[in-house]
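Peer 1: Sharing a structure here in structure tokens format.
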Amino acid sequence: GIITGCGKGGTKTEEKKSSENNQGVIEIKLSHSSPATNDRLETACQAFKKYVEEHTNGRVKVTTYPASVLGGEREQLEGVQMGTIQMAALSTGPFPGIFPEIMVFDMPYLFPQDTRVVYKVLDGPVGQEISDLLLKKTGVRNLAFGENGFRHYTNSVRPIKKPGDMKGLKIRTMENPAHMAIVKALGGSPTPMAFNEVYSALQTKTVDGQENPISLIVSMKFYEVQKYLTLDGHIYNPYLLIINDKFYNSLPEDIRKVIDEGAKVWQKVEREENQKQIEAGMKVLKNAGMVITELTPEELEAFKQATKTVYDQFKSQIGEELLNKVIKAV
Ligand code: EAX
């Protein structure tokens, strides 16, 4: 028989760069967990695709994979780490296993509900330091911080106005130990679960509630199966636009530059569209008959006090120096 494709020597296949396909085009898979429609994350990823493809004259092809089609956030992160997926836009949810320092952003009520404060920290030297550390420790490069947003509690049992109201409620959290600890500190029972399973878990009442930013409560239609919303903003959740660093470094310099610029476009579109989606989304939630609880500063303080222990629980994993640096930067 004829043996093809595995000989030694300079065949065409062997000469091409590992980042290129047979036509010499560099292909990038860009994965995330938000819905393919009615959600700003896919809009931002399309803007990235458009920018990169246009500015590389077709030398790069970007394909987006929304709605967890390549697996949950944990599988997507593993994929980027291994290089089977080149890029992903992920929340902090799946990172602690390989990079516990990321949980600095998962500390309860760290940020005031003011995006100006958040952007200053994420886009400043502290944000850069965290991205550098991530790269050094995991081989995953963060190109930009986007916005999942301030996370709020929803449930189908009762309004939550004070920490005691959480008592006994089963709350789905991300597979992130800090998030679980927060729910526990409030007296709830945390149930970690992948994002794409949440709607049906709420519908079948496997869990009573969950916590997510407004945009996802709307685009994932959680409001159809949840009655109560408390706007406590316990966590500001960034998205990390990540790329496998080995792949990134295999690219010609001019293409790396376009990708860096494309990440800035992605960030701008994502944050702006998120703000619009929140505004429109609040109307959707009200019209759907959700009972929305806003907390007074005093009420919010009670939640802060009840969850203070979480900082002590995680400070050695995060690193006390880094934790204090972020607190100071806020
Ligand atoms: O893509 O799992 C969650 O609740 C996150 O907000 C989601 O992964 C974001």
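Peer 1: So which of Lys136/Lys221; Lys161/Lys315; Lys257/Lys286; Lys120/Lys304; Lys283/Lys315; Lys120/Lys246 end up more than 32 Å apart, counting from Cα to Cα?
Peer 2: Over 32 Å apart, Cα to Cα: Lys136/Lys221; Lys257/Lys286; Lys283/Lys315.
Peer 1: What do you get for Rg/Rh over segment 119-172 if you use C-alpha atoms and the Kirkwood form of Rh?
Peer 2: 1.22
Peer 1: Picking from Pro192, Ile130, Gln203, whose Cα lies most toward the positive end of the charge dipole for the chain (charges on Cβ: Lys, Arg +1; Asp, Glu -1)?
Peer 2: Gln203
Peer 1: Separate question: How far is the Cα center of segment 39-111 from the Cα center of segment 301-330, in Å?
Peer 2: 26
Peer 1: Using only DSSP helix segments of four residues or longer, with each worth -39500 (n - 2.57), what per-residue ellipticity at 222 nm results for the chain after dividing by its residue count and rounding to 500?
Peer 2: Roughly -13500 deg cm²/dmol at 222 nm, from the helical runs in the chain.
Peer 1: Another question about this same structure. Hydropathy first: keep DSSP H helices in the chain averaging at least 1.6 on Kyte-Doolittle, then drop any whose Cα extent along the axis falls short of 18 Å, and list what survives.
Peer 2: none
Peer 1: Would you look at the GNM of the chain, springs on alpha carbons closer than 10 Å, and say which of Val198, Val126, Val207 moves the most?
Peer 2: It is Val126.
Peer 1: Right, here's the next one. Would you mind ranking Phe247, Phe222, Phe105 by Cβ crowding within 10 Å, fewest neighbours first?
Peer 2: Fewest-to-most ranking of Phe247, Phe222, Phe105: Phe247, Phe222, Phe105.
Peer 1: Now a separate question. Longest exposed-loop-site-free stretch of the chain, with trypsin sites (Lys or Arg not before Pro), DSSP loop and at most 14 other Cβ within 10 Å?
Peer 2: Counting only loop sites that pass the neighbour cut-off, the longest clear stretch is 18-166.
Peer 1: If you don't mind, there's one more thing I want to ask. Please figure out what share of the DSSP beta bridges in the chain is antiparallel and state it in percent, rounded to the nearest 5.
Peer 2: Just about 55 percent of them are antiparallel.
Values quoted throughout were computed directly from the atomic coordinates according to the rules given, and no laboratory measurement underlies them. Worth saying up front: this structure is predicted, and the values here are computed from it rather than measured. Positions of Cβ are backbone-derived with ideal geometry, glycine not excepted, and every protein chain shown enters the neighbour counts.
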